[in-house]
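The values are calculated or read from the model by the stated rules, or taken from the named source; none is laboratory data. The structure displayed is predicted, hence computed values, not measured ones. Note: ideal-geometry Cβ built from the backbone for every residue, glycine included; neighbour counts use all protein chains shown.
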């Protein structure tokens, strides 16, 4: 098992526990200390070609009210090509709700009354950048477990990419984390 992303000062790992947590009903929070500068991390959140290396591609209008279309192709994130099911891709529409480059980005996840909302906060910390993700309006614990394991997996892949390492396998990592979050969040 990997020791985790490298800290900007060269030490392995960034926290004793990289898991996120439910901070209130329907709200999940996770954070990572990533190698900076802040503009680099902002680019990986907002530029489709960089975003598709760890998350999902697709257009994003960087202004409040701007549209976005996240296009996920999970088998393209790592060398692990065999998904556990046929759901290897999906698209998620949304609208930007907050945009303050390069420190804050929020958008809806989906359309309609059941849409959730994701907020990304970037804070410089020495040569690193603290990325905090808060995903709100998740509905129930089953949804939160799915979202938690997804964010955790995607952030691990982002950290691998930023640190010049081959990204860990998407599907195996997500399955392991889904089990861990089931145990942590369904208590």
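Restricting to the range 138-165, give me the number of residues that are touching a helix residue (DSSP H, G or I) at 6+ places or on another chain (Cβ under 7 Å) and farther than 21 Å from residue 118 by Cβ.
Within the range 138-165, residues that are touching a helix residue (DSSP H, G or I) at 6+ places or on another chain (Cβ under 7 Å) and farther than 21 Å from residue 118 by Cβ number 0.
Which of the numbered conditions does residue 133 fail, given that it passes all the others? Conditions: (1) farther than 17 Å from residue 18 by Cβ; (2) in contact with a strand residue (DSSP E or B) (Cβ under 6 Å, 6 or more places away or on another chain); (3) in a strand (DSSP E or B).
With (1) farther than 17 Å from residue 18 by Cβ; (2) in contact with a strand residue (DSSP E or B) (Cβ under 6 Å, 6 or more places away or on another chain); (3) in a strand (DSSP E or B) applied to residue 133, the lone miss is (1).
For the range 29-67, enumerate the residues that are in a loop (DSSP other than H, G, I, E, B), surrounded by fewer than 17 Cβ atoms within 10 Å (Cβ to Cβ) and more than 15 Å from the chain's Cα centre (by Cα).
Residues satisfying the conditions are 37, 59, 61, 62, 63, 64, 65, 66.
If I ask for residues that are out of contact with any strand residue (DSSP E or B) (no Cβ under 7 Å at 6 or more places or on another chain) and either free of Cβ contacts under 8 Å to residues at least 24 places away in the same chain or assigned to a strand (DSSP E or B) (or both), which ones from the range 95-130 would you list?
Those that are out of contact with any strand residue (DSSP E or B) (no Cβ under 7 Å at 6 or more places or on another chain) and either free of Cβ contacts under 8 Å to residues at least 24 places away in the same chain or assigned to a strand (DSSP E or B) (or both): 100, 112, 113, 124.
Residue 81 - would you say it is in contact with a helix residue (DSSP H, G or I) (Cβ under 7 Å, 6 or more places away or on another chain), over 22 Å from residue 67 (Cα atoms) and surrounded by fewer than 17 Cβ atoms within 10 Å (Cβ to Cβ)? Quick ask: steps written out before the conclusion?
Numbers: in contact with a helix residue (DSSP H, G or I) (Cβ under 7 Å, 6 or more places away or on another chain): yes; over 22 Å from residue 67 (Cα atoms): yes; surrounded by fewer than 17 Cβ atoms within 10 Å (Cβ to Cβ): yes.
So residue 81 fits the description; yes.
If a residue must be under 21 Å from residue 98 (Cβ atoms) and modelled with pLDDT under 95, how many such residues does the range 114-156 contain?
So the first thing to find is which residues in the range 114-156 are under 21 Å from residue 98 (Cβ atoms), and the list is 114-124, 129-138, 147, 151, 154-155.
Checking the rest, the ones that are also modelled with pLDDT under 95 come to 114.
Qualifying residue count for the region: 1.
Show the residue pairs that are 6+ apart or on different chains and have beta-carbon atoms under 8 Å apart, the first residue being within the range 62-90 and closer than 22 Å to residue 158 by Cβ, the second being assigned to a loop (DSSP other than H, G, I, E, B) and modelled with pLDDT under 90.
73/88; 74/83; 74/88; 75/81; 75/82; 75/83; 75/88
Does at least one position in the range 157-180 carry a residue that is more than 22 Å from residue 76 (Cβ to Cβ), over 15 Å from the mean Cα position of the chain (by Cα) and either in a strand (DSSP E or B) or free of Cβ contacts under 8 Å to residues at least 60 places away in the same chain (or both)? Walk me through how you get there before you give the answer.
Applying the first criterion (more than 22 Å from residue 76 (Cβ to Cβ)) to the range 157-180 yields 179-180.
After this cut, where a residue has to be over 15 Å from the mean Cα position of the chain (by Cα) as well, the list is 179-180.
Narrowing the set further to residues that are either in a strand (DSSP E or B) or free of Cβ contacts under 8 Å to residues at least 60 places away in the same chain (or both) leaves 179.
So far as the range 157-180 goes, yes, one or more of its residues are more than 22 Å from residue 76 (Cβ to Cβ), over 15 Å from the mean Cα position of the chain (by Cα) and either in a strand (DSSP E or B) or free of Cβ contacts under 8 Å to residues at least 60 places away in the same chain (or both).
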